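We did not get these values from a lab; they are worked out from the coordinates using the rules stated. Bear in mind that the values here come from a model prediction, so they are computed numbers and not experimental data. For neighbour counting, all protein chains shown are included, and Cβ atoms are generated from backbone atoms with ideal geometry for every residue, glycine included.
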Ligand code: HEM
Ligand code: HEM
Ligand code: SF4
Ligand code: SF4
């Protein structure tokens with residue numbers, strides 16, 4: 001039986017141009033991502049194969065750009081991850097199923113009836129405008145989420161928007177966007193949420209989590225929750241900084257920097273720290289897992305990391321080509337921290353200079369003024385009391 | 001004209017040393033800090049970071065030594081005297097400081113002509129020096145919160161989350177540096193504007209003659225009386 005299943009999946013993969021070897025290599029990288037040894041590869045391959053018969057998964061979209069859907073779907077040439085995701089029984093992807101209209105919604109509804117499905121949520125939760133910033137099938141996005149969340153076995157919040165509101169909640173946040181876990185907490189819904197930030201989400205991570213949750217059974221045993229950090233992010237993905245694993249780190253240590261784009265230093269692939277690389281403050285394993293079928297990733301492609309895997313990432317990282325973020329000063333507007341420091345220091349220096357002129361003018365610069373005979377308050381007391 | 005005598009008892013040698021170490025550490029941390037903030041010259045990052053990570057421990061150990069010294073070493077209790085008592089007494093409000101905050105402020109704002117009576121340190125001076133302790137601890141806390149080996153310690157992470165992440169922590173650390181720069185600028189200015197005798201003592205441990213005071217803060221003799 002199991003053997004037939006294996007054949008089935010390899011046929012399916014072969015039909016899409018993925019060889020058995022590619023698939024096993026892919027399962028190997030999932031194992032590595034999950035911190036498992038090579039010995040787990042057959043188990044993962046078998047689990048992916050059985051996948052379709054496990055929990056159904058539903059993909060809903062909140063307020064976002066659908067970039068995460070795009071990253072997963074990669075419509076023109078699906079990669080192993082895409083195919084695996086398909087096999088893993090994604091019953092309904094809201095954006096992609098929309099053309100089917102009412103039928104698709106009815107199919108999703110059928111899944112919602114039956115507790116125990118996995119809910120993948122892309123996009124922010126927009127609380128503003130009474131939730132009317134997003135309407136699907138006649139209800140608000142908020143109603144949809146509140147409807148879908150309680151019966152789910154777990155929610156995977158994909159992309160920074162779903163994690164904490166992402167770019168949608170950047171100042172001034174007109175839609176009052178927030179993340180799934182924050183919203184559910186507000187509503188007292190306690191379905192566990194696995195957060196997978198970055199903008200968009202990396203498909204490899206979604207596969208890894210689905211394998212972990214659906215196939216290795218870590219949800220049932222509760223083991224998945226131990227693998228999450230305090231922000232609900234899997235530690236094995238978000239446990240180290242970009243900077244820790246960056247291939248340009250040697251240039252950083254040696255002080256080989258790109259100070260300006262279009263220079264020789266850029267061509268030499270030097271470290272992007274002075275042009276605002278947020279790698280030192282950003283906790284993701286982008287340099288290891290990489291992007292776009294493991295082809296490359298931001299820094300390798302020559303762009304400083306803009307920190308899209310951080311919480312509140314836009315406000316915390318912008319302007320992206322500066323080392324420090326801007327601080328929003330009331331009345332003044334966005335200001336760089338060193339501008340503020342410079343102004344304060346300038347005022348202080350001017351103050352000291354003026355004071356020094358005063359000290360000189362009052363003749364205090366050679367030994368100070370003569371000392372008072374007694375403290376002022378003792379003098380006053382003596383006056384009042386007419387003596388000691 | 002009327003400066004107090006500066007005797008070695010005011011700054012026993014151990015405190016001359018801690019002050020020197022403090023000065024060198026702060027300068028090294030500020031230079032390397034500016035470099036880490038923005039590497040203005042190519043080629044020096046590992047040197048600068050190494051310097052930063054070395055002197056941050058020197059600074060903290062030095063602070064610990066200074067605090068232990070406060071309880072174990074005797075130093076002069078006021079200006080212009082060789083009478084000594086446990087050093088910590090100089091850091092708590094002393095009899096001679098009482099009611100003198102306002103006169104000191106007025107003196108520096110040119111609203112009072114005469115030099116207010118003070119103990120070894122005047123009220124404002126005492127507050128400013130003591131302020132360097134929380135400032136150093138804040139530099140350490142924010143620094144360790146962005147230092148690889150310690151950044152995931154629970155009590156540091158709690159702070160990092162509270163301020164809004166590691167970028168915010170870095171900016172706070174950066175502003176603490178500016179806190180040190182402002183303190184040091186004002187400190188250097190005030191320490192030397194009325195003459196360099198205090199500096200001769202704290203740096204070269206060199207005594208200078210001048211006015212002597214009694215326990216009530218009255219001038220009782222010495223050069224210039
Ligand atoms: C006392 C303990 C201190 C510790 C543990 C500490 C630690 C650190 C660490 C770990 C970094 C980041 C280095 C990197 O990521 O490459 C840093 C950066 C920095 N430090 Fe310190 N430091 C301390 C004190 C100071 C002091 C006293 C100053 C200045 C007076 C200072 C100024 C700076 C500055 C300006 C930066 C650059 C921040 C940025 O722009 O990102 N630090 N420090
Ligand atoms: C060129 C730089 C500096 C000069 C000229 C200077 C000068 C002095 C002088 C003259 C005193 C003795 C004051 C008195 O006896 O009335 C003193 C004490 C002190 N200075 Fe500085 N200082 C410098 C740098 C620093 C720095 C960078 C710090 C710390 C950030 C610092 C912290 C202190 C403290 C805490 C004391 C109290 C002395 C003690 O430990 O008992 N100084 N300084
Ligand atoms: S490019 Fe960015 S992540 Fe890479 S070493 Fe430089 S600062 Fe660190
Ligand atoms: S390298 Fe930085 S900007 Fe690029 S995807 Fe990763 S976290 Fe986002």
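Note on B:27, B:16, A:201: ascending count of other Cβ atoms within 10 Å places them as B:27, B:16, A:201, the fewest first. The sum of -39500 (n - 2.57) across all DSSP H runs of n ≥ 4, divided by the residue count of the protein assembly as shown, sets its helix-only mean residue ellipticity at 222 nm to -14500 deg cm²/dmol. Taking other C-beta atoms within 10 Å as the exposure proxy, A:199, A:68 rank A:199, A:68 from fewest upward. Take the Cβ atoms of residue A:12 and residue B:54, set R0 to 41 Å, and the FRET efficiency comes out at 0.10.
FRET efficiency for residue A:345 and residue A:129, Cβ-Cβ distance as r, R0 = 41 Å, nearest 0.05? With a Förster radius of 41 Å, E is 0.40.
Modelled this way, with points 7 Å down the Cα-to-C-beta line, the labels at residue B:162 and residue B:37 are 2.4 nm from one another. Among A:294, A:16, A:230, the largest mean-square fluctuation in a Gaussian network model of chain A, built with springs joining Cα atoms closer than 10 Å, belongs to A:230. Highest GNM mean-square fluctuation among A:178, A:95, A:198, for chain A modelled with Cα contacts below 10 Å: A:95. For chain A, the Cα-based Rg and Dmax, in that order, read 29.0, 112 Å.
Taken over the range A:3-234, the convex hull of the Cα atoms encloses 125 Å³ per residue.
For the residues B:160, B:196, B:132, a GNM of chain B with alpha-carbon springs under 10 Å puts the largest fluctuation on B:196. Of B:114, A:114, A:94, the sequence from fewest to most neighbouring Cβ atoms within 10 angstrom is A:114, B:114, A:94.
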